[in-house]
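Working notes, beginning with the structure itself.
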Amino acid sequence: ETSKTTGEGDFIMQRILVLCDDLWHPAEVIEEGLKGFETENYCFDVVKAAKDILTWEMIKGYPAILCCKGNNIIASNGEPWFEETVTEVGPAEFQRYIEEGGGFVAVHSALTFKQEFCNPDERFQKPCEEFRELIGCRFYGHPLRCMTEVKVSDPAHPVAAGVSGFAERDEHYQIGELEPDAKVFLESVSVPGGVQPAGYTRELGAGRLCVLTPGHTLSVWRNPEFRKLLKNALEWSMRKEN
């Protein structure tokens with residue numbers, strides 16, 4: 001089951017599927033960063049070895065997926081996550097999940113899918129590009145970790161509701177080639193990285209996708225304003241925003 005109710009029946013605990021752990025982004029950051037959200041009616045099922053665990057039957061039972069995972073099997077195995085004819089849940093299944101009404105929130109390393117980083121065999125290259133297209137941007141890279149300021153560029157967007165700007169040392173992601181339907185509501189600024197899109201949403205079929213680029217360091221995940229963003233993103237993706 002993906003939700004449960006207290007004895008009084010006064011709230012529903014939403015179960016969110018969390019995908020994390022890759023070569024440059026250990027799961028511990030995400031797991032520590034999510035602590036405390038349990039008090040906000042969420043609980044999280046963390047999966048690291050997504051290539052070998054996920055099935056369609058498994059993912060379709062969740063109201064939302066929080067993806068914080070780059071294209072590695074796990075942190076200690078740098079081989080690609082997606083492999084055609086092997087991986088049961090790949091980009092096509094994630095797209096189907098969203099289009100059928102699921103919520104999908106992609107944070108930080110979920111944006112890093114680049115064919116240059118991947119095994120040149122077509123069975124790895126094709127799904128890598130398909131996932132990049134689903135996320136809706138192209139990842140160029142980032143300068144060395146630096147003080148990065150995050151600013152709300154569209155305060156009317158529901159994911160930005162009640163969120164103020166903040167600054168933390170982070171990997172300042174540089175992205176571009178956003179899909180035409182992407183609605184940007186957040187930007188990030190640093191001296192070496194310039195001004196970059198930092199948050200946007202897409203609506204695909206009956207479902208919703210939200211992208212947030214900050215999140216390499218634990219200090220970002222513990223920042224109250226980032227936590228508001230993440231909560232808003234989950235609620236928006238599940239169509240539970242006010």
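The values are calculated or read from the model by the stated rules, or taken from the named source; none is laboratory data. These figures come from a predicted structure and were not determined experimentally. Methodologically, a virtual Cβ is constructed for each residue, glycine included, from the backbone with ideal geometry; neighbour enumeration extends over all protein chains shown. When the accessible area is computed, the model is the full protein with side chains, heavy atoms only, and any ligands, DNA or RNA have been set aside. Shrake-Rupley method; radii C 1.70, N 1.55, O 1.52, S 1.80 Å.
Name every residue in the range 97-123 that is in contact (Cβ under 8 Å) with a residue 40 or more places away in the chain, of a type outside the set (A, V, I, L, M, F, W, C) and part of a helix (DSSP H, G or I), in order of residue number.
Correct list: TYR97, GLU99, HIS108, SER109, ARG123.
Select, from GLU88, GLU83, GLU79, GLU93, the only residue that is in a loop (DSSP other than H, G, I, E, B), open to solvent by 40 Å² or more (accessible area, probe 1.4 Å) and at pLDDT 95 or above.
Residue meeting the stated conditions: GLU88.
Filter the range 124-144 for residues that are in a loop (DSSP other than H, G, I, E, B) and either open to solvent by less than 70 Å² (accessible area, probe 1.4 Å) or at positive phi (or both) and give the result.
Passing the criteria: GLY136, CYS137, PRO143.
So, of the residues in the range 187-241 that are in contact with a helix residue (DSSP H, G or I) (Cβ under 9 Å, 6 or more places away or on another chain) and modelled with pLDDT under 95, which turns out to be farthest from ALA161 (Cα to Cα)?
Result: LYS240.
Scan the range 100-123 residue by residue and report those that are loosely packed, with under 14 Cβ neighbours inside 10 Å and in contact with a strand residue (DSSP E or B) (Cβ under 8 Å, 6 or more places away or on another chain).
Correct list: GLU100 only.
Can you find a residue that is buried (at least 17 other Cβ atoms within 10 Å of the Cβ) and more than 21 Å from GLU40 (Cβ to Cβ) anywhere in the range 216-228?
yes
Please name all residue pairs, on different chains or six or more residues apart, with Cβ atoms under 7 Å, provided the first residue is in the range 176-196 and is free of Cβ contacts under 8 Å to residues at least 40 places away in the same chain and the second residue is of a type in the set (A, V, I, L, M).
PHE185/VAL152; PHE185/VAL159; PHE185/ALA160; GLU187/VAL195; GLU187/ALA198; VAL195/VAL189; GLN196/ILE175
Take the residues of the range 22-35 that are in a loop (DSSP other than H, G, I, E, B) and open to solvent by 20 Å² or more (accessible area, probe 1.4 Å): which is farthest from LEU230 (Cα to Cα)?
The residue in question is LEU23.
Taking the condition of being without any contact (Cβ under 8 Å) to a residue 40 or more places away in the chain, out of contact with any strand residue (DSSP E or B) (no Cβ under 8 Å at 6 or more places or on another chain) and open to solvent by less than 70 Å² (accessible area, probe 1.4 Å), how many residues in the range 37-54 meet it?
Counting residues in the range 37-54 that are without any contact (Cβ under 8 Å) to a residue 40 or more places away in the chain, out of contact with any strand residue (DSSP E or B) (no Cβ under 8 Å at 6 or more places or on another chain) and open to solvent by less than 70 Å² (accessible area, probe 1.4 Å) gives 1.
Could you please give the count of residues in the range 159-192 that are buried (at least 19 other Cβ atoms within 10 Å of the Cβ) and in contact with a Cys (Cβ under 8 Å, 6 or more places away or on another chain)?
Of the residues in the range 159-192, 5 are buried (at least 19 other Cβ atoms within 10 Å of the Cβ) and in contact with a Cys (Cβ under 8 Å, 6 or more places away or on another chain).
Keeping to the range 55-76, report how many residues are assigned to a helix (DSSP H, G or I) and open to solvent by less than 30 Å² (accessible area, probe 1.4 Å).
Residues flagged as assigned to a helix (DSSP H, G or I) and open to solvent by less than 30 Å² (accessible area, probe 1.4 Å) within the range 55-76 amount to 1.
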